[in-house]
């Protein structure tokens with residue numbers, strides 16, 4: 001049993017040392033719609049709590065960003081948000 005625990009601890013140390021960036025929300029010069037901001041906040045919480053479904057949270061951000069183009073967000077603004085939150089590794 002000690003070998004399993006030692007192996008798990010070694011893996012934990014490698015993961016913690018992976019040098020991944022701290023989650024910081026993108027500063028924009030445009031207003032982010034409330035629904036999209038809610039999905040971004042959920043993504044941040046998921047990343048900070050090291051959940052296993054971060055990819056699903058990123059999909060929600062991507063979907064909301066595309067959906068908000070009908071609510072005043074331009075295509076370029078949506079892509080900026082998608083690039084920042086969905087095409088990087090937390």
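Tabulated values for the structure
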| item | result |
| --- | --- |
| Which listed residue is in contact with a helix residue (DSSP H, G or I) (Cβ under 8 Å, 6 or more places away or on another chain) and assigned to a loop (DSSP other than H, G, I, E, B), from 32, 47, 61 | 32 |
| Candidate set from the range 69-85 (those that are in a helix (DSSP H, G or I) and farther than 17 Å from residue 26 by Cα); member that is nearest to the chain's Cα centre (by Cα) | 69 |
| Yes/no for residue 14 being part of a loop (DSSP other than H, G, I, E, B), modelled with pLDDT under 95 and out of contact with any helix residue (DSSP H, G or I) (no Cβ under 7 Å at 6 or more places or on another chain) | no |
| Lone unmet requirement of (1) at pLDDT 95 or above; (2) touching a helix residue (DSSP H, G or I) at 6+ places or on another chain (Cβ under 8 Å); (3) not in a helix (DSSP H, G or I) for residue 23 | (1) |
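The values are calculated or read from the model by the stated rules, or taken from the named source; none is laboratory data. Computed from a prediction, not measured in an experiment: that's the story for all the values here. Here Cβ is always computed from backbone atoms with ideal geometry, including for glycine, and neighbour counts include all displayed protein chains.
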